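Inspection log for the structure reproduced underneath, given as structure tokens.
The values are calculated or read from the model by the stated rules, or taken from the named source; none is laboratory data. Note that this is a predicted model, so its numbers are computed, not measured. Virtual Cβ from ideal backbone geometry, glycine too; neighbours counted across all protein chains shown.
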Amino acid sequence: MSNGLLLWVDDEIELLKAHIIFLEKKGYEVVTVSNGADAIEQCRTQTFDLVLLDEQMPGLSGLETLQQMKEIQPATPIVMVTKSEEEDIMNQAIGAKIADYLIKPVNPSQILLTLKKNIHRREIVTEVAQTGYQQEYQQLAMQISDCRDFNDWVEVYKRLVKWELELSSADSNMTEMLTMQKEDANNGFAKYIAKNYLDWVAPNDGKSKEKASRPLMSPDIFKSRVFPTIDKGEKVFLIVMDNLRVDQWRILSEELAELFDIEEDFYMSILPTATQYARNAIFSG
């Protein structure tokens with residue numbers, strides 16, 4: 001079984017025979033050409049998993065070849081291989097959305113690393129994630145059974161969401177194990193709510209401070225998080241997004257993290273958790 005079909009473009013391709021043999025022994029099929037025009041023609045006739053492209057060639061330069069190849073196969077990762085370390089060339093190549101940039105002379109290990117990053121990343125990440133979850137499964141099961149307070153459950157939920165995201169692309173029995181473990185956590189959390197919820201929402205008798213074991217709840221958000229910040233004279237924008245799960249927030253927060261520093265906290269919704277109750281309970285505070 002082939003690990004991938006590669007196109008190697010270099011005007012001194014005959015000097016790279018040892019590298020090509022190395023890649024073929026690793027299970028790759030390698031098509032070689034010595035100029036940009038032939039490379040473009042190859043891209044018109046077949047689809048490659050990755051292209052290794054020399055930057056300095058007679059006739060069409062590497063950058064010119066790159067632009068035309070991108071028009072034919074925009075999704076194919078192209079790795080620029082060059083003797084030049086000029087910043088302007090690097091910037092042009094990166095601006096043309098190359099997958100990687102290698103400086104000659106390259107060794108086989110460097111090439112193999114860029115292949116793994118650009119062709120096999122998903123399989124490697126999935127394999128590592130499955131192994132990691134399998135090793136952590138028993139520890140997580142014990143953590144679920146040992147949960148005693150709200151913060152314990154928050155930590156369990158965060159770990160379950162982490163593995164759900166990491167295993168989302170996997171097609172194996174690990175995802176089935178995770179689903180079963182989430183069901184166990186849901187059952188345990190439901191018992192925790194049933195045992196404590198009435199105490200949390202019981203009126204304060206006025207003689208004692210709020211119970212230490214009571215988690216932050218919907219009506220507490222303004223009092224505990226918004227008003228103190230306003231009292232300090234800081235500007236506050238409150239944005240409420242309904243029906244957003246933590247796994248969805250994780251994906252969204254990766255984009256927002258480029259623009260903002262994010263501090264994360266959790267609170268307990270009131271029951272029932274339907275939007276019109278849970279959301280309005282925030283503003284009732």
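Can you find a residue that is surrounded by fewer than 17 Cβ atoms within 10 Å (Cβ to Cβ), modelled with pLDDT under 85 and not hydroxyl-bearing (Ser, Thr, Tyr) anywhere in the stretch 72-85? Yes, that holds for at least one residue.
Scanning the stretch 262-278 for residues that are in a helix (DSSP H, G or I) and closer than 18 Å to residue 200 by Cα returns 277, 278.
Does the stretch 10-28 contain any residue that is at pLDDT below 90, in contact with a helix residue (DSSP H, G or I) (Cβ under 8 Å, 6 or more places away or on another chain) and either among the small types (Gly, Ala, Ser) or in a helix (DSSP H, G or I) (or both)? Within the stretch 10-28 (the criterion being at pLDDT below 90, in contact with a helix residue (DSSP H, G or I) (Cβ under 8 Å, 6 or more places away or on another chain) and either among the small types (Gly, Ala, Ser) or in a helix (DSSP H, G or I) (or both)), the answer is no, since none of the residues qualifies. Residue 41 falls short on exactly one of the conditions (1) farther than 23 Å from residue 117 by Cβ; (2) touching a residue at least 12 places away in the same chain (Cβ under 8 Å), and that condition is (2).
For the stretch 119-139, name all the residues that are part of a helix (DSSP H, G or I) and buried (at least 18 other Cβ atoms within 10 Å of the Cβ). Full working, then the answer.
Taking the stretch 119-139 as the starting set, the residues that turn out to be part of a helix (DSSP H, G or I) are 121-139.
The answer is 126, 129, 130, 133.
Among the residues examined, residue 220 does not qualify as surrounded by 12 or more Cβ atoms within 10 Å (Cβ to Cβ), modelled with pLDDT of 95 or more and in a helix (DSSP H, G or I).
Within the stretch 246-263, being exposed (fewer than 10 other Cβ atoms within 10 Å of the Cβ) and of a type outside the set (A, V, I, L, M) holds for 255, 258, 260, 261, 263. Residue selection: residue 22 fails the criterion of being touching a strand residue (DSSP E or B) at 6+ places or on another chain (Cβ under 6 Å) and not acidic (Asp, Glu).
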